[in-house]
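The structure under discussion appears below in the form of structure tokens.
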Amino acid sequence: MKKMVVPTIALLVFASVLFLLVAKEYSEKKRLSNPIYSQSKEHGSEDSDNAESTGDEDLVVSKKRLTAGDTCIVISKDVEEKKITLRNIKGGDDKALSYDGKTEFLTKNDGPLTAAEIMVGDIVDIEFTTFDSRLSRVSRSKDAWELNNIDKFEIDEKGKTIKIADDLYKMSSNAIIASGDKVGKLLDVTSLDTITVRGIDKDVYSVQIEEGHGYIRVTNDSYFVGGWIEIGQDIITILTEGMLIPVPEGTYDIKVTNKGYVGRDTLKVTRDKETKLDLSKAEIEEVAIGHVLFKIFPDYAQLYVDGIMTDFEQRVPLEYGIHSVRVELAGYETVHANIRVGSEMANIAIELDKEENSDSSSSSSSSSSSDSTSSSSSSSSGASSSSSSSSSSGASSSSSSSTADSSNVSENTIISDNKKIYIEGPEGVEVYLDGTYIGIAPCSTLKVTGSHTITLSKSGYETKSYTINVGNDGNDLTMSFSELTAVQ
């Protein structure tokens, strides 16, 4: 029996060694297949200063290797799920990442923020752990700029550009349009909106609609059709039947005038909603009469008030409210203006410019005559002009400049009677051009140059507006828009 002991011991030792070798090889293969280890191998040597243990003593990886970073646009937030969806500004890919109490939220200057203060449309620099898609750091990007409260801008939807003041910016292909927590399209931004624009260098990555627009639907308007409607201080237009007028959200004093009477009301307009203006319920009062003295140079020009040739040797009696004025003379540029009469006595002075092809040198575009010193306050003016082509004594121009400029007589001109704008779809919706009803799509209207607002409305669906820019290319313009969204 003793002779069998040595071989048995040797066999056991050999088996033990073989088992250890197999176990070590298995452990090594398992370690190499671990995704965290693979992640760390791609990032080079271990960083012992930032090392952390994963539970396996020989599997120590760097925190730095577990973290990725990007510059992104915030496109949505889910507060309940604690998730933020972001779009990479370079690649354009979207990813949803979670956050928790350990996630650090910072301002551009590394000041503290809360998750609630991170808004859709923000441009942020992020760090997140790749193996669990958890945000470790979110900070508003130091490279990003932001322009707030912009209400004067031009968007070229085809060229994907936006002009603010004299600066032209390019809309990135990865840019988003945000209204509240919703993401829309570039066409959703209208000239009525107030926006915040964010970008890097000359590229725009987000446009946030801060103040949107709603609609005033005019009803029971038969008595006032053909007169004027004034909404606040800035929106003045001729009242047509069944108007649906897009206006910036807010509260407005409204006045309509026609046939010697004025109706008044106050309305609050909510974003994307229609508010009814029922003129049968408006407070009606008799219109007062103002007496306007027109001083026109040359004094043998012809004056038309509300389309009627008018003798201006004596003061002209005009109802309080808005009146259209046209002054013309052969060899001179015709002046068009809308004037507001608001006091018993008022003076309006207009000087015509010589036509450019006239033999005589053109008169100074900035000169105007006045028989008295006038106050810049509209309350002391008997009348005010909404055109930059006239100045008034005892009145002030409501435009940004009182300099006459015949080139700005009319921004919107009918190109020709046989060129039209066709609205093909969506079929069955009411179509309005600058608030005036033109028909049920498919429908058409005369082609007019300039910037216009197309409004689409249908019972049971959300009303929608688009800003279009119409050029003089000699062709008809055919347009079709997205289907309206059903009211929830």
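Before moving on, here are some points about what is shown:
- DSSP-loop GluC sites (Glu not before Pro) across region 171-257, with at most 12 other Cβ within 10 angstrom: Glu241
- Antiparallel bridges, percent of DSSP beta bridges restricted to region 167-242 (to nearest 5): 75 percent
- Kirkwood Rh, Cα atoms: Rg over Rh of region 199-284: 1.14
- On a per residue basis, region 160-276 carries 46 Å² of accessible surface, using protein heavy atoms and a 1.4 Å probe.
- Of the trypsin sites (Lys or Arg not before Pro) found in region 210-269, the ones in coil according to DSSP and having at most 14 other Cβ atoms within 10 Å of their Cβ are Lys259.
- Carbon-plus-sulfur accessible fraction, region 86-236 (probe radius 1.4 Å, protein heavy atoms only): 47%.
- Region 139-233, Cα convex hull volume normalised per residue, Å³: 150 Å³
- Total formal charge among the other residues, if their Cβ is under 10 angstrom from that of Phe481, Lys/Arg +1 and Asp/Glu -1: -1
- Label-point gap, in nm, between Ala330 and Thr485 - each point 7 angstrom along Cα→Cβ: 6.0 nm
- Legend: distances between Cα atoms for Lys273/Lys420; Lys108/Lys464; Lys142/Lys170; Lys268/Lys458; Lys170/Lys447; Lys160/Lys182; pairs beyond 25 Å are Lys273/Lys420; Lys108/Lys464; Lys170/Lys447.
The values are calculated or read from the model by the stated rules, or taken from the named source; none is laboratory data. Please read these numbers as outputs of a predicted model, since none were measured by experiment. Because the Cβ atoms are built from the backbone with ideal geometry, glycine has one as well, and the counts that use them run over all protein chains shown. Each accessible area value is taken on the protein alone, full model and side chains, heavy atoms only, with ligands, DNA and RNA left out. Shrake-Rupley method; radii C 1.70, N 1.55, O 1.52, S 1.80 Å.
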